[in-house]
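Each reported figure results from applying straightforward, stated rules to the coordinates on display, with no laboratory input. What you see is a predicted model, and the numbers here were worked out from it, not measured in a lab. Neighbour counts run over all protein chains shown; Cβ positions are idealised from the backbone, glycine included.
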Amino acid sequence: MRIAIDGPAGAGKSTVAKEVARRLGYAYIDTGAMYRAVALAALRAGIPAWDVEALSNLSGSVEIRLGSGEDGSTRVYLDGQDVSREIRAPEVSRFVSRVAEVPGVRRHLTEKQRRLAASGRVVMEGRDIGTVVLPDAERKFFITATVEERARRRYAEAAGEGYSISYEEQINEIMRRDSRDASRGVAPLIQAPDAVVIDTTGKSPGQVAETILSLVRGG
């Protein structure tokens, strides 16, 4: 079975998807981390957002690998280097939506993501999994939450990583990201018609994961 979990920034996709994968014994694939890795590589190389050819070429040449740390956390490797913390930096968060708009970047990463899911038994989360990457996934979920709730989560996440960004800045960043993700010409953030919608506002990741698991196991 392939499980697709989509939703906007800060909705809790990563935490929930990781828990669902753990409980099912499936592989967990964070596609957003892959786009962040490309964004980080572009920033390091000094490639601007308008140079779509360079961004596309970069996404096809870098090696991105997902692994697990000793504590069970997801580790992201860019050309062999662990960049798990670096890809969460505020400058990467601001730049990644621009990178994700580039058709060539999406084509390269979609191909990689489909290869990762080819054998099944995966929980893949992102923004276009149920609509573009795995439109024939056996189970699809679209999770969301209020802007305020998502900003609080992102604020706590950034603080935990040692980055300083205010709650108000988080709200503005999330609203900008929502607008860009929903309006981009390639693979916009939309709910798949056959996806189950789950509002995570006021709910713990465990509660949301349990809801998904009950639906998956219930057929």
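Note the full-extension length gain between R23 and V196 as 0.36 nm times their separation in residues minus their Cα-Cα distance, in nm to one decimal.
Values: separation 173, 0.36 × 173 = 62.28 nm, distance 1.94 nm.
Length difference between fully extended and current span is 60.3 nm.
Hey, quick one: spin label on A49, modelled 7 Å out along Cα-Cβ, who in the stretch 148-192 has an amide N within reach, i.e. under 18 Å?
From the stretch 148-192, the list is 169-189.
Calculated from DSSP H runs of 4 or more alone, at -39500 (n - 2.57) each and per residue, what is the 222 nm mean residue ellipticity of the chain, nearest 500? Walk me through the intermediate numbers first.
Working: 8 runs with 107 residues, N = 219.
After summing the helix terms and dividing by residue count, I get -15500 deg cm²/dmol.
Using amide H atoms built 1.01 Å from N in the peptide plane, name the residues 5+ places from A145, or on other chains, whose amide H lies under 5 Å from its own.
Under 5 Å from the amide H of A145: T200.
Whats the longest run of the chain with zero GluC sites (Glu not before Pro) that are DSSP loop and have at most 16 other Cβ atoms within 10 Å?
Working: sites that count: E63, E70, E138, E161.
Longest gap between qualifying sites, sites excluded: 71-137.
Sort V38, V105 so the one with the fewest other Cβ atoms within 10 Å of its own Cβ comes first.
Going from sparsest to densest Cβ surroundings: V105, V38.
I need the chymotrypsin sites (Phe, Trp or Tyr not before Pro) found in the stretch 148-204, filtered to DSSP loop residues with at most 15 other beta carbons within 10 Å of theirs.
Values: sites: Y155, Y163, Y167; in loops: Y163.
When the chymotrypsin sites (Phe, Trp or Tyr not before Pro) of the stretch 148-204 are filtered for loop state and at most 15 Cβ neighbours within 10 Å, Y163 remain.
Over the Cα atoms of the stretch 23-180, what Rg and Dmax result, in angstrom?
15.6, 42
What chymotrypsin sites (Phe, Trp or Tyr not before Pro) in the stretch 1-104 are in a loop by DSSP, with at most 15 other Cβ atoms within 10 Å of the Cβ?
Of the chymotrypsin sites (Phe, Trp or Tyr not before Pro), the ones in loops of the stretch 1-104 whose Cβ has at most 15 other Cβ atoms within 10 Å are W50.
For the chain, what relative contact order do you get, as a whole percent, if you take Cα pairs closer than 8 Å and at least 6 residues apart? Write out the running numbers ahead of the final one.
Values: 350 pairs, mean separation 73.4, N = 219.
The normalised contact order for the chain reaches 34 percent.
Suppose every Lys and Arg Cβ carries +1 and every Asp and Glu Cβ carries -1, with no other charges. What dipole size does the chain come out with about its Cα centre, to the nearest 20 debye?
Values: 32 positive and 30 negative charges, 83 e Å.
For the chain, the charge dipole is close to 400 debye.
Measuring from centroid to centroid over Cα atoms, what is the spacing of the stretch 165-219 and the stretch 15-85 in Å?
Distance between centres, Cα-based: 19 Å.
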